[in-house]
Structure formats: C-alpha cells, structure tokens
Amino acid sequence: MTGSRWVSISLQVVAWFNLVSALLGMAGLTLGFMPVPTEWIEGSVFTSYVWPGVILGVVVGGSQALALAAQYWRFRLAAGLHAAAGLVMMIWIFVEIAIMLVWSPLHGIYFGTGLVQVVLAVLALGAWPHPFLARNSR
C-alpha cells in the first residue's frame, strides 16, 4: 500500500473491529443468544436470524478477513480489498435497515466504520496529493 504508516495501522484496527464484530454477530444470530425480535424480519424472505447471521459472518466478516490477509501478506491489492470490505459493511447496514425498518445506534456505528475504512483505503491508494496544494505543470 502506498499510504503512510498511520493509514496502514488505522486500516488494520478498523478491519479487525469489523471482523470481530461480524463474527460475534454471526455467533449471536445463528446460536440465538442475541435478543433480536423476530417481528423485525416479518415479511422478509427470512423466517429466523440463522441465514442473516451466516451471511453476516461469511460475507461481511469474510471480506474483512480477506482484506487483512492481503495487507499482512503485502499484496498490492490490499487497499482495494479494504475499500471493498468497507463498502460491503455499508451495504450490509443499508440492506439490514431496509429489511427490518428499524434503526439502532449500532447501525450508525457500523456504517461509520465501513465509511472510515473506505476513506482510509482511498488514502492508501494515493488519493492525497503531495504536497496538497501543488499545481500541475502545463
């Protein structure tokens, strides 16, 4: 990644937070120890929270794990995978709210972590010009 060390460390922190949260959410939803009312998914394609839990763990958590693995192994596509993982997190929250028609402060937190991850990934891809106010030559 071309970003600075603080961008790299920040990406790791956000991705680990999102990964652990997704795995805990998957465990809570599939094993049933999260107190989420089933009325929230009435009228959707889901009859229980098992499949949403599996999707949360595999898709959201998996995208975070993939981005972290690419970063640790120093693959060039790591920043792009972090951007994709952040977008997956934001899409997950958007779809969850659209299905459940319920908003929780956790939705705001996780949408925010996805957004922060995307911004950091774009910075890691070199979106910040150096120096900031430099002009292009003619």
Checklist outcome for this item: Put Val45, Val36, Val58 in order of accessible area, largest first, probe 1.4 Å, and you get Val45, Val58, Val36
Checklist entry - Any idea of Leu31's accessible area? Nearest 10 Å², probe 1.4 Å. => result 130
Item to check | Radius, Kirkwood style, for the range 68-138 when every pair of distinct Cα atoms is counted (Å) | outcome: 13.9
Next on the checklist: Run lengths n ≥ 4 of DSSP H only: what is the helix-derived mean residue ellipticity at 222 nm for the chain, with -39500 (n - 2.57) per run over all residues, to the nearest 500?
Outcome noted: -21000 deg cm²/dmol
Checklist entry - Say we join alpha carbon atoms closer than 10 Å with springs in a Gaussian network model of the chain; which of Leu125, Leu101, Leu87 then has the biggest fluctuation? => result Leu101
Item to check | Listed residues Trp51, Trp128 arranged by accessible area, highest first, probe 1.4 Å | outcome: Trp51, Trp128
Next on the checklist: Given a 1.4 angstrom probe, what's the average accessible area per residue across the range 68-138, in square angstrom?
Outcome noted: 69
Checklist outcome for this item: Order by accessible surface, 1.4 Å probe, largest leading, for residues Phe17, Phe94, Phe46 comes to Phe94, Phe17, Phe46
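What is the extension gain from Ala69 to Val50, computed as 0.36 nm multiplied by their sequence separation minus the C-alpha to C-alpha distance, in nm to one decimal?
Values: separation 19, 0.36 × 19 = 6.84 nm, distance 2.67 nm.
Stretched fully, the Ala69-Val50 segment lengthens by 4.2 nm.
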Checklist entry - Which residue, Ser48, Ser104, Ser21, has the most motion in a Gaussian network model of the chain that connects Cα atoms within less than 10 Å? => result Ser104
Checklist outcome for this item: So His107 and Val95, fully extended at 0.36 nm per residue minus their Cα-Cα distance, gain in nm 3.2 nm
Checklist outcome for this item: If one compares the long axis through the Cα atoms of helix 62-72 with the longest principal axis of the Cα atoms of the chain, the angle in degrees, nearest 10, works out at 30
Checklist entry - What FRET efficiency, computed as 1/(1 + (r/R0)^6) with R0 = 25 Å and r the Cβ-Cβ distance, is obtained for Leu115 and Val59, rounded to the nearest 0.05? => result 0.90
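The values are calculated or read from the model by the stated rules, or taken from the named source; none is laboratory data. No experiment lies behind these values; they were computed from the predicted model shown. With ideal geometry, Cβ positions are generated from the backbone for all residues, glycine too; neighbour counts draw on all protein chains shown. Accessible surface areas use protein heavy atoms only, side chains included; no ligands, DNA or RNA. Shrake-Rupley method; radii C 1.70, N 1.55, O 1.52, S 1.80 Å.
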